[in-house]
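Colleague: The structure is given below, and queries will be raised subsequently.
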Amino acid sequence: MNVAASLLKRARSAPDRPALTSQGRTWSYGELASRAARLAGGLRAGHGLAAADRVVLCMENRPEFLEALFGCWIGGLAAVPVNAKLHPREVAHIVRDSGAAAVLTSEALAEGIALALREDGAPPPPLVVTESSGWARLLDAAPADCAEVAATDLAWLFYTSGTTGRPKGAMLTHRNLLFMSLAYAADIEHVSPGDVKLHAAPLSHGSGLYALPHLFAGGHQVVLPGFEPQDVLEAFERHANVTMFAAPTMVTRLVQAAGAQPRAAGLRTLYYGGGPMYVSDLRRALDAFGPRLWQLFGQGESPMTITGLSKADHEGDGGPAHLARLASCGIARTGVEVRVVDAAGRDVAPGETGEVVCRSDCTMIGYWNNPQATAAALRDGWLWTGDVGALDGHGYLTLRDRSKDMIISGGTNIYPREIEEVLLRHPALLECSVVGRPHADWGEEVIAFVVVRDGQAVDDHALDALCLEHIARFKRPRAYRRVASLPKNNYGKVLKTELRRMLDDSMSNMEKRNA
């Protein structure tokens, strides 16, 4: 059940069909499959890699990423995709933690990674750079036959984004990735040969994962070097039947760039996920792009596949029921079971809040070399997501927050997202994030970090009035901190740990001044 077999089958049936375009150059399916097979042969014969060895892929968005990804699988190897925006020391940690037998990277990143790997004094694995003589030797090798692998063999070692500490490696099997791809076809859209999958988000993450169902169906991958809103909007005009993944912050930037007359003639599906999409931002995106949006909720531990809010679910009259649906992340995906449970694992009643758990053939088999974290996340076949949410009577899941981000004030649970949704109704606010600050009497108090749009202003009294109009008084922020931007990780997620650190630093400085 090698996940690469579907690409090879497509290459045999239609070798001349365009498979991949980047920087003005196009590779056919036959060329892509041939390069991947030769790269597999080069890794196995030239570098002595053996079945199940891990290979780190750390490079910017470029065509070599996809040929390396499938090359790993053809060779029976496990790919370890790493975001190119990570610090070299973070990359080195992943290389060492995964026990990688080789690192495939680009010229721009190679020196930093090599230096970081030498810091611990251990021999580094071979490092092969794109467009180098070493890469050319890989492609000069005899092509490898597609390796026989079990459905449960490791295919993709997905390191979490690490917002609260060292990232953990979620072990995804060939079965996981095939199930993910089939669920895409069942739930999101049917892909026909020639349909375009536009990559502006990192290939090492959600965008690259959903390259698979498009390649299996004969789709055309168009790889941009990065996310530039104008480049994306131009691609929407230049290509037909375009599908693209975007984090919520990317969607917001696209809407801003599109202006009053969005250019999205060729856009078919804009699927988004990876963080909260606030209703006010979502409504602006629907106004800009029409009924083309599809929301997914997933994790590295169940890639892209827990619940989904379909295009049809996005449509409505703007009434309370429609807005409540837009605030949700949809219903369980095909073949996925989703529950909301209490601390003992018992189902809570519809509308009540608890931890979201799920199970399917998309669920990871565990964390790499981390049995303690595996035991905490996987219990009796269920993945405990760490997300707090509620299911309504129709099966729609609404996420409140990550369990670690919940604020407990005076013994009462407060969910930051509820407050953020209200604050973002104010037209002067571009972004906001709510965290808890220690309080001697109440345990924690609510603090809001806000980013004001250029050329606009809003005072605390107006924000207080907005909150008091929509939520209970005890949930109202006790202070508003204005910042130029919110700290985010390389996947666009707001780093609430960094916001809490900023609060701790300011309290410490205040204590020093008062000493």
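Colleague: Given the conditions (1) touching a residue at least 60 places away in the same chain (Cβ under 8 Å); (2) open to solvent by less than 40 Å² (accessible area, probe 1.4 Å), which single one is not true for residue 60?
Modeller: The failed condition is (2).
Colleague: So residue 503 clears everything in (1) of a type outside the set (Phe, Trp, Tyr); (2) under 30 Å from residue 84 (Cβ atoms); (3) in contact (Cβ under 8 Å) with a residue 60 or more places away in the chain; (4) open to solvent by less than 70 Å² (accessible area, probe 1.4 Å) except one condition, right? Which one?
Modeller: With (1) of a type outside the set (Phe, Trp, Tyr); (2) under 30 Å from residue 84 (Cβ atoms); (3) in contact (Cβ under 8 Å) with a residue 60 or more places away in the chain; (4) open to solvent by less than 70 Å² (accessible area, probe 1.4 Å) applied to residue 503, the lone miss is (2).
Colleague: Identify all residues within segment 285-339 that are open to solvent by 40 Å² or more (accessible area, probe 1.4 Å), part of a helix (DSSP H, G or I) and not acidic (Asp, Glu); write none if there are none.
Modeller: 311, 312, 320, 321, 323, 324, 325 - these are the residues of segment 285-339 that are open to solvent by 40 Å² or more (accessible area, probe 1.4 Å), part of a helix (DSSP H, G or I) and not acidic (Asp, Glu).
Colleague: Within the set of pairs 6 or more residues apart or between chains, which connect a residue that is over 12 Å from residue 177 (Cβ atoms) and of a type in the set (Ser, Thr, Tyr) inside segment 358-369 to a residue that is part of a loop (DSSP other than H, G, I, E, B) and open to solvent by less than 20 Å² (accessible area, probe 1.4 Å) with Cβ atoms less than 6 Å apart?
Modeller: Pairs that qualify, where the first residue is over 12 Å from residue 177 (Cβ atoms) and of a type in the set (Ser, Thr, Tyr) and the partner is part of a loop (DSSP other than H, G, I, E, B) and open to solvent by less than 20 Å² (accessible area, probe 1.4 Å), are 360/336.
Colleague: Conditions: (1) at pLDDT 95 or above; (2) under 18 Å from the mean Cα position of the chain (by Cα). Residue 241 meets all but one. Number of the miss?
Modeller: (2)
Colleague: I would also like to ask the following. Considering every residue within segment 464-477, establish whether at least one is of a type in the set (Asp, Glu) and under 30 Å from residue 207 (Cβ atoms).
Modeller: no
Colleague: A further question on this structure: Where residues in segment 230-267 are open to solvent by 20 Å² or more (accessible area, probe 1.4 Å) and touching a strand residue (DSSP E or B) at 6+ places or on another chain (Cβ under 6 Å), which of them is farthest from residue 329 (Cα to Cα)?
Modeller: Restricting to residues being open to solvent by 20 Å² or more (accessible area, probe 1.4 Å) and touching a strand residue (DSSP E or B) at 6+ places or on another chain (Cβ under 6 Å), the top hit is 239.
Colleague: While we're looking at this one, here's another question. Here's a check for you: in segment 20-34, which residue that is open to solvent by 60 Å² or more (accessible area, probe 1.4 Å) and without any contact (Cβ under 8 Å) to a residue 60 or more places away in the chain is farthest from residue 144 (Cα to Cα)?
Modeller: 24
Colleague: List the strands (runs of 3 or more DSSP E) inside segment 79-194, counting only whole elements, that have at least 3 residues being in contact with a Phe, Trp or Tyr (Cβ under 6 Å, 6 or more places away or on another chain) and surrounded by 22 or more Cβ atoms within 10 Å (Cβ to Cβ).
Modeller: Ranges flagged: 169-173.
Colleague: Of the residues in segment 349-401, how many are aromatic (Phe, Trp, Tyr), under 28 Å from residue 324 (Cα atoms) and not in a loop (DSSP other than H, G, I, E, B)?
Modeller: 2
Results for (1) in a helix (DSSP H, G or I); (2) more than 21 Å from residue 387 (Cα to Cα); (3) modelled with pLDDT of 95 or more; (4) open to solvent by less than 20 Å² (accessible area, probe 1.4 Å), shown as yes or no for each residue.
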site	(1), (2), (3), (4)
419	yes, no, no, yes
430	no, yes, no, no
434	no, no, no, yes
448	no, no, yes, yes
454	no, yes, no, no
464	yes, yes, no, no
467	yes, yes, no, yes
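Colleague: Next question, about the same structure. Just to be sure before I move on: is residue 386 among the small types (Gly, Ala, Ser) and open to solvent by less than 20 Å² (accessible area, probe 1.4 Å) in the structure I sent?
Modeller: So residue 386 fits the description; yes.
Colleague: How many residues, within segment 268-280, are within 21 Å of residue 419 (Cα to Cα) and open to solvent by 20 Å² or more (accessible area, probe 1.4 Å)?
Modeller: Adding up the residues that qualify gives 6.
Colleague: Right, next: Out of all the residues in segment 64-94, which are closer than 16 Å to residue 37 by Cα and modelled with pLDDT under 95?
Modeller: Selection gives nothing.
Colleague: So if I check each of 44, 17, which one is touching a Pro at 6+ places or on another chain (Cβ under 9 Å) and open to solvent by 40 Å² or more (accessible area, probe 1.4 Å)?
Modeller: Going through 44, 17 in turn, the sole match is 17.
The values are calculated or read from the model by the stated rules, or taken from the named source; none is laboratory data. These figures come from a predicted structure and were not determined experimentally. All Cβ positions, even for glycine, are placed from backbone atoms using ideal geometry, and neighbour counts span all protein chains on display. Surface areas here come from the heavy atoms of the whole protein model, side chains and all, with no ligands, DNA or RNA. Shrake-Rupley method; radii C 1.70, N 1.55, O 1.52, S 1.80 Å.
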